[in-house]
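K.L.:
Before we start, here is the structure in question, set down as structure tokens.
The values are calculated or read from the model by the stated rules, or taken from the named source; none is laboratory data. This is a predicted model, so every value here is computed, not measured. Virtual Cβ from ideal backbone geometry, glycine too; neighbours counted across all protein chains shown. Accessible surface is based on the protein model in full, side chains and every heavy atom, while ligands, DNA and RNA are left aside. Shrake-Rupley method; radii C 1.70, N 1.55, O 1.52, S 1.80 Å.
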Amino acid sequence: MTKRPAYSNLVKTMREGKFLFTGELEPRKMTDLSSILHSAEKMKKTGKITAANVTDGPQGDAYTCSMVPSYLVQEKVGLEAIWQMTVRDRNRIALFGDILGGAILGLKNLLALTGDHSALGDNKNARPVYDLDSTQLIDLVSKMVDDGTDLEGNEIEGDKIEINVGCAANPNSNPRGPEILKVGRKVRLGADFIQTQTAFDIDDAKDFLKELEQFNVPVLLGLFPLKNYGIASYFDEYIPGVSVPKDLLSALKKAKKEYKEDKKKRNEVIDKINIEFFEPFIMEIKKTTKAAGIHCMAVHYERLFEPLLKNF
Amino acid sequence: MIITQQKDIEEIYDMIKSYSKILIVGCDGCCQPPRSINEAKVLAQMLELKARSEGKELKWKAITVLRQCDDRIAATTVRPFIEHYDAIVSLSCGLGVVMMNKVFENILTYPAQNSLFGGAENNAENYFAEYCETCGECLLGVTGGVCPMAGCAKNLSNGPCGGTVGGKCEVGGYTHDCAWVKIWDRLRKFNRLDLFNKYRPPRNYRKWSSPRFAEINKTYTNEEETMEEEK
Ligand code: SF4
Ligand code: SF4
């Protein structure tokens, strides 16, 4: 398939070959988005973040939609959004309608995801939709953007839709075989970029990136800085397939214990632990792989961006 | 076979407590676990006890039917009994309960079961499993004989999703196999990963939308053709 034009600044920057960073924003059950906008502002201020993902009901929870915050982050903060869209809650008609809506609002990046099952979330008895899967969602976006139609070939009136679409890939996938085939299929259907799930193991991450090279599409490797010991141990214990390195865990635990009362000092130490782990990690990825950059999922931990990214 | 689970006695009693004479009908068809004459009798006795504990008297008769989901069988077996009763409680799956209500328009048939799924019997491991959701567009020919509709919690056509870990599915706490990893495994074994790799476009959900009907063909003949030939 011929390459789709770079409609978003994200894809433009990737294609220029500049090593870049994306952040992540997570709207929750909220009507006041000021904390999201505030986080976006902090990211923007670093001057290092090209775009920020806006999540769509992660862990299957019922949260504020991803479209409106994506729009506001672009409009009010001037940071480009990577609008996450899962196929869990909407059928092809609703997805189509939302993509048109997002295009009208000027959203330029869509990350097509399956979405964590509703049985994992906080409205467990919901009827999951999954009319399309994430691969078929990419097909839908491609038809809308490249052909100007819906899935049935019915034409869309008005301006051309200018959206770049991305897909996810999991470096912790086990077995890896089907994951690679699936990503390849998504690229064939029009995925412009790949963002990966969290990696903690540098060798695994490099292996995975190497395997993805065959698809000739920019890849952002996902990293998850650990804001405190609680998050780290939760991740380690409850996110299957992900294990946080033991040293990192014990350092965070020690910081929690030693600076129980002194929050400022504790934060300083935790930031230092993260920088000592992730800075060389990122450096290694930048130097030795073809990754287009890093997707840094420092949700509610934007203060780390400045010191972590100062050498990039 | 259709896998069912008996409703709480409270719920069943609540449905029939305004009646004083009920006919309890088992089903000898494919219901699993069995819901035949003995189960019908036990349920009747439980309802009787429940009624008695509330100071009421409940008269009942328990019978069973070869298959409640066949109108002819249901009609011929049950009709001789119904005029003496105020209501029917059926132990069959939903198919039977609906059919009984259709065949016997003037009396209500209540369900004693929750119908769960069409299940295949794994005797070696002691469980029934839903291997098919009757989606109307069978994909087993391209998935190595593993159903991605019944087997995958998200009914994905182009799986697996990111929720699989070590071949297990995120739904059910990583205890069930991920259908898509199984599909990949099977196809790899037979050197047919080309099938895995193929893109399966969005499904036709009209084939999987209620209500659904299929014709019953009652007769076949070659007479017409023979006559045509003779002419
Ligand atoms: S694909 Fe699955 S649900 Fe559909 S008919 Fe085949 S076995 Fe049944
Ligand atoms: S883990 Fe496998 S079976 Fe479970 S929803 Fe994902 S693809 Fe389907």
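K.L.:
Please list, ordered by residue number, the helices (runs of 4 or more DSSP H) wholly in region A:104-216 having 1 or more residues that are basic (Lys, Arg).
P.N.:
Values: elements: A:134-142, A:177-188, A:202-212.
So the answer is A:177-188, A:202-212.
K.L.:
Looking at region A:272-312 only, could you name the residues that are among the acidic types (Asp, Glu) and surrounded by fewer than 18 Cβ atoms within 10 Å (Cβ to Cβ)?
P.N.:
Of region A:272-312, the ones among the acidic types (Asp, Glu) are A:276, A:279, A:284, A:302, A:306.
A:Glu276, A:Glu279, A:Glu284, A:Glu306 - these are the residues of region A:272-312 that are among the acidic types (Asp, Glu) and surrounded by fewer than 18 Cβ atoms within 10 Å (Cβ to Cβ).
K.L.:
Here's another thing I want to ask about it. Out of (1) facing chain A (nearest Cβ under 9 Å); (2) assigned to a helix (DSSP H, G or I); (3) more than 6 Å from ligand 2 (Cβ to nearest atom), the odd one out for B:Gly162 is which?
P.N.:
(2)
K.L.:
Now for a different question. Specify the residue that is least open to solvent (accessible area, probe 1.4 Å); the eligible residues are those in region B:48-70 that are touching a strand residue (DSSP E or B) at 6+ places or on another chain (Cβ under 7 Å) and not in a loop (DSSP other than H, G, I, E, B).
P.N.:
So, considering only residues that are touching a strand residue (DSSP E or B) at 6+ places or on another chain (Cβ under 7 Å) and not in a loop (DSSP other than H, G, I, E, B), the one least open to solvent (accessible area, probe 1.4 Å) is B:Val65.
K.L.:
Being at pLDDT 95 or above, touching a Phe, Trp or Tyr at 6+ places or on another chain (Cβ under 6 Å) and not assigned by TED's automatic domain parsing to the domain that holds B:Asp177: is that true of B:Glu57 here? Steps first, please.
P.N.:
Values: at pLDDT 95 or above: yes; touching a Phe, Trp or Tyr at 6+ places or on another chain (Cβ under 6 Å): no; not assigned by TED's automatic domain parsing to the domain that holds B:Asp177: yes.
No: the conditions fail for B:Glu57.
K.L.:
Filter region B:76-100 down to residues that are in a helix (DSSP H, G or I) and under 17 Å from the mean Cα position of the chain (by Cα), then give me how many there are. Even if it seems obvious, please write down each step before you answer.
P.N.:
Let us first name the residues in region B:76-100 that are in a helix (DSSP H, G or I), namely B:76-82, B:94-100.
After this cut, where a residue has to be under 17 Å from the mean Cα position of the chain (by Cα) as well, the list is B:94-100.
Qualifying residue count for the region: 7.
K.L.:
Still on this model: Given the criterion surrounded by 15 or more Cβ atoms within 10 Å (Cβ to Cβ), free of Cβ contacts under 8 Å to residues at least 60 places away in the same chain and among the β-branched types (Val, Ile, Thr), identify the matching residue among B:Ile73, B:Ile88.
P.N.:
Of the residues listed, the single one that is surrounded by 15 or more Cβ atoms within 10 Å (Cβ to Cβ), free of Cβ contacts under 8 Å to residues at least 60 places away in the same chain and among the β-branched types (Val, Ile, Thr) is B:Ile73.
K.L.:
If you don't mind, there's one more thing I want to ask. Hey, does region B:184-201 have a residue that's of a type in the set (A, V, I, L, M), within 10 Å of ligand 2 (Cβ to nearest atom) and crowded, with 17+ Cβ neighbours inside 10 Å? Please lay out each step first, then the result.
P.N.:
Filtering region B:184-201 for residues of a type in the set (A, V, I, L, M) gives B:187, B:193, B:195.
Now narrow it down to the ones that are within 10 Å of ligand 2 (Cβ to nearest atom): none.
Taking every residue of region B:184-201 in turn, none turns out to be of a type in the set (A, V, I, L, M), within 10 Å of ligand 2 (Cβ to nearest atom) and crowded, with 17+ Cβ neighbours inside 10 Å.
K.L.:
Of the residues A:Val77, A:Val129, which is within 14 Å of another protein chain (Cβ to nearest Cβ) and either crowded, with 21+ Cβ neighbours inside 10 Å or in contact (Cβ under 8 Å) with a residue 40 or more places away in the chain (or both)?
P.N.:
Values: A:Val77 fails: within 14 Å of another protein chain (Cβ to nearest Cβ).
Of A:Val77, A:Val129, the one residue that is within 14 Å of another protein chain (Cβ to nearest Cβ) and either crowded, with 21+ Cβ neighbours inside 10 Å or in contact (Cβ under 8 Å) with a residue 40 or more places away in the chain (or both) is A:Val129.
K.L.:
Moving to a separate point now. Quickly run through region A:132-154 and pick out the residues that are in contact with a helix residue (DSSP H, G or I) (Cβ under 7 Å, 6 or more places away or on another chain), more than 11 Å from chain B (Cβ to nearest Cβ) and open to solvent by less than 10 Å² (accessible area, probe 1.4 Å).
P.N.:
A:Val141, A:Met144
K.L.:
Separate question: Given (1) open to solvent by 40 Å² or more (accessible area, probe 1.4 Å); (2) over 17 Å from the mean Cα position of the chain (by Cα); (3) within 16 Å of ligand 2 (Cβ to nearest atom), where does B:Glu130 come up short, assuming only one miss?
P.N.:
For B:Glu130, the failing item is (2).
K.L.:
Hey, another quick one. Do we find a residue being over 26 Å from A:Thr86 (Cα atoms), within 16 Å of ligand 1 (Cβ to nearest atom) and under 23 Å from the mean Cα position of the chain (by Cα) anywhere in region B:153-164?
P.N.:
Taking region B:153-164 and keeping what is over 26 Å from A:Thr86 (Cα atoms), we get none.
Among the residues of region B:153-164, not one is over 26 Å from A:Thr86 (Cα atoms), within 16 Å of ligand 1 (Cβ to nearest atom) and under 23 Å from the mean Cα position of the chain (by Cα), which makes the answer no.
K.L.:
Given the options A:Glu157, A:Glu162, name the one that is free of Cβ contacts under 8 Å to residues at least 40 places away in the same chain, more than 7 Å from chain B (Cβ to nearest Cβ), open to solvent by 20 Å² or more (accessible area, probe 1.4 Å) and out of contact with any strand residue (DSSP E or B) (no Cβ under 9 Å at 6 or more places or on another chain).
P.N.:
Details: A:Glu162 fails: free of Cβ contacts under 8 Å to residues at least 40 places away in the same chain.
That would be A:Glu157, the only listed residue that is free of Cβ contacts under 8 Å to residues at least 40 places away in the same chain, more than 7 Å from chain B (Cβ to nearest Cβ), open to solvent by 20 Å² or more (accessible area, probe 1.4 Å) and out of contact with any strand residue (DSSP E or B) (no Cβ under 9 Å at 6 or more places or on another chain).
K.L.:
Also, quick follow-up: Failed condition for B:Ile73, given (1) out of contact with any Lys or Arg (no Cβ under 6 Å at 6 or more places or on another chain); (2) assigned to a helix (DSSP H, G or I), with all others met?
P.N.:
(1)
K.L.:
When region A:98-125 is examined, which residues are found to be within 13 Å of chain B (Cβ to nearest Cβ), out of contact with any Pro (no Cβ under 8 Å at 6 or more places or on another chain) and over 24 Å from A:Gly190 (Cβ atoms)?
P.N.:
First, the residues of region A:98-125 that are within 13 Å of chain B (Cβ to nearest Cβ): A:111-121, A:124.
Among the residues that remain, those that are also out of contact with any Pro (no Cβ under 8 Å at 6 or more places or on another chain) are: A:111-115, A:120-121, A:124.
Passing the criteria: A:Leu120, A:Gly121, A:Lys124.
K.L.:
Which of the residues that make up region B:145-183 are in contact with a Leu (Cβ under 7 Å, 6 or more places away or on another chain) and either over 17 Å from A:Gly115 (Cβ atoms) or buried (at least 24 other Cβ atoms within 10 Å of the Cβ) (or both)?
P.N.:
Within region B:145-183, B:Cys147, B:Pro148, B:Trp180 qualify.
Each row is one residue, and each column tells you yes or no for (1) in contact (Cβ under 8 Å) with a residue 24 or more places away in the chain; (2) within 16 Å of ligand 1 (Cβ to nearest atom); (3) more than 8 Å from chain A (Cβ to nearest Cβ).
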site: B:Glu125; (1), (2), (3): no, no, yes
site: B:Tyr131; (1), (2), (3): no, yes, yes
site: B:Leu140; (1), (2), (3): no, yes, yes
site: B:Pro148; (1), (2), (3): yes, yes, yes
site: B:Tyr174; (1), (2), (3): no, no, no
site: B:Trp180; (1), (2), (3): yes, yes, no
site: B:Asn191; (1), (2), (3): no, no, yes
site: B:Tyr199; (1), (2), (3): yes, no, no
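K.L.:
Separate question: Got a sec? Which of A:Val244, A:Val217 is modelled with pLDDT of 95 or more and surrounded by 14 or more Cβ atoms within 10 Å (Cβ to Cβ)?
P.N.:
Values: A:Val244 fails: modelled with pLDDT of 95 or more.
Checking each option against the conditions leaves just A:Val217.
K.L.:
Which of the residues belonging to region A:181-232 are within 14 Å of another protein chain (Cβ to nearest Cβ) and either closer than 21 Å to A:Thr50 by Cα or hydroxyl-bearing (Ser, Thr, Tyr) (or both)?
P.N.:
Scanning region A:181-232 gives A:Ala191, A:Ile194, A:Gln195, A:Thr196, A:Gln197, A:Thr198, A:Ala199, A:Gly222.
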